[in-house]
Amino acid sequence: MNKYFCGVIASCAIAFTQQALACTGITLQSQNGDRVTARSIEWGSSVLSTNLVVVPRGHATQTQTAQGPSLSYKNTWGYVGLSIEDKNFVVEGLNEKGLSAGLFFFPGYGLYPDYDKKQQDKTISDMEFVAWVLGNFDSVANARKGISDIRLSERYKGAGTVHYRIADKSGAQIVVEIVKGEMKIFDNPLGVLTNSPGFDWQMTNLNNYINLKAGTVAPVDWNGTALRSPGIGSGLLGLPGDITPPSRFVRAAFMVSTAPNLKSADETVLYSFKILNAFEIPIGLEEENKANPIGLLSATQWSSATDMTNGVIYYKTMNNARIRSVDLKTINFGQVTYQNLPIDKVKSEPIEKVVIR
């Protein structure tokens, strides 16, 4: 565990997470019905230690909250995930049944119930929830039932709260939030998620942008004066361009709603990365003093895309924009051993030299 990461989170809590954490999630579908979720993860204050974890069926886990121990379990299903700072802190992943789950920071609006030792076997820490979901459920429908009795508790005291996206290859998708100690589960028809405020507010806020449309506004006549757009894209006037969660939610929803349905899952995966490129946050935007933490090339430290239909998870990082993939169909989750691998074997960007003769 990175001591700086834990110490900063615990001491700066909500104020820190509002400034340094930003995640954007989208969902696309190909013409043949293949479904892809994709997301970015931003952390602007230090380099996150991110690993690729391969977790077999039957893997035993003892979870832990800030106040005490929580539930223990053995995986029913194997999965591949991306973890940050601790191998159990899976923030995005896909299991062998095509269920996808992801964690998104949710500072200032969530509130977990008080820890109750008597309900230890129904309690799990916020940072270990995604791993538990991936290891135990094969569909959104079953996950919705299975999580209803679960109590979320903070892994680190004062570290703010998170919310979750759970999706499967049928197209079902839900958002899970803990507000005032109560679990709220929302259907997510657009497949978009960012951070705070709450998901229901974000969806309502979209009504303020119904004037937006793809393309260019037609010429108009004002009392005999012909007016026309100076260039393409005037239908997007009013689309917010800042990096706050509400603005990113609106942009993501608009881009998803106007995205073409491409022929294959492969094309859809590549297109999802193109959309996410529009949400990358360069160093310097989040802090007033132009701070540049050592080794941090981008506040967007990595992005991933998950082909739930065909069982493949893809990712690229700030160190290497080349897209890499893990095909879960090639893994025997009944025999594979638990693995915790660095997300970047080499932290450098391959550059192809073009030789002119």
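FYI, it's all coordinate maths here, none of it is from the lab. Everything numeric in this text was worked out from a predicted model, so none of it was measured. Reconstructed Cβ throughout: ideal geometry from the backbone, glycine too, with neighbour counts over all protein chains shown.
Before anything else, pin down the relative contact order of the chain: Cα pairs under 8 Å, at least 6 apart, normalised by residue count, whole percent. 24 percent.
A value for P(r) over Cα pairs in 20 Å bins from 0, in percent was derived from the coordinates, and within the list (1) 31, 62, 8, 0; (2) 29, 58, 12, 1; (3) 21, 38, 28, 10, 3, 1 it appears as (2). Counting neighbouring beta carbons within 10 Å and listing from fewest to most, the residues Trp222, Trp43, Trp77 come out as Trp222, Trp77, Trp43. One quarter of the convex hull surface built on the alpha carbon atoms of segment 306-357 amounts to 5.9 nm², the projected area averaged over directions. Per-residue ellipticity at 222 nm from helix content only, as computed over the chain with -39500 (n - 2.57) for each DSSP H run of at least four residues, stands at -6000 deg cm²/dmol. For the chain, leaving out every one of the GluC sites (Glu not before Pro) that falls in a DSSP loop and has at most 14 other Cβ atoms within 10 Å, the longest unbroken run is 1-287. Ignoring lysines fewer than eight residues from Lys180 along the same chain, the ones with Cα atoms less than 25 angstrom from its Cα are Lys117, Lys118, Lys122, Lys145, Lys157.
Roughly how many Å is it from the Cα centre of segment 113-186 to that of segment 80-95, as a whole number? Comparing the Cα centres of segment 113-186 and segment 80-95, I get a distance of 15 Å.
Where Lys and Arg each count +1 and Asp and Glu each count -1, what net charge lies around Leu297 among other residues with Cβ under 10 Å from its Cβ? Taking every Cβ under 10 Å from that of Leu297, the sum is 0. Using Cα-only point scatterers and the Debye equation, what is log10 of I(q)/I(0) for segment 231-357 at each q in 0.09, 0.12, 0.19 Å⁻¹, rounded to two decimals? Here the Debye-derived log intensity ratios amount to -0.39, -0.68, -1.25. Given +1 at the Cβ of Lys and Arg, -1 at the Cβ of Asp and Glu and no other charges, the dipole of segment 78-211 around its Cα centre is 140 debye to the nearest 20. If I take R0 = 35 Å and measure r between the Cβ atoms of Ala60 and Thr204 in this structure, what FRET efficiency does the formula 1/(1 + (r/R0)^6) give, to the nearest 0.05? FRET efficiency, Ala60 to Thr204: 0.25. Taking amide H as placed 1.01 Å from N in the peptide plane, Gln64 has its amide H under 5 Å from the amide H of Ser70, Ser125, each at least 5 places away in sequence or on another chain.
Every Cα-Cα pair of segment 91-142 was included, and the share exceeding 15 Å stands at 56 percent.
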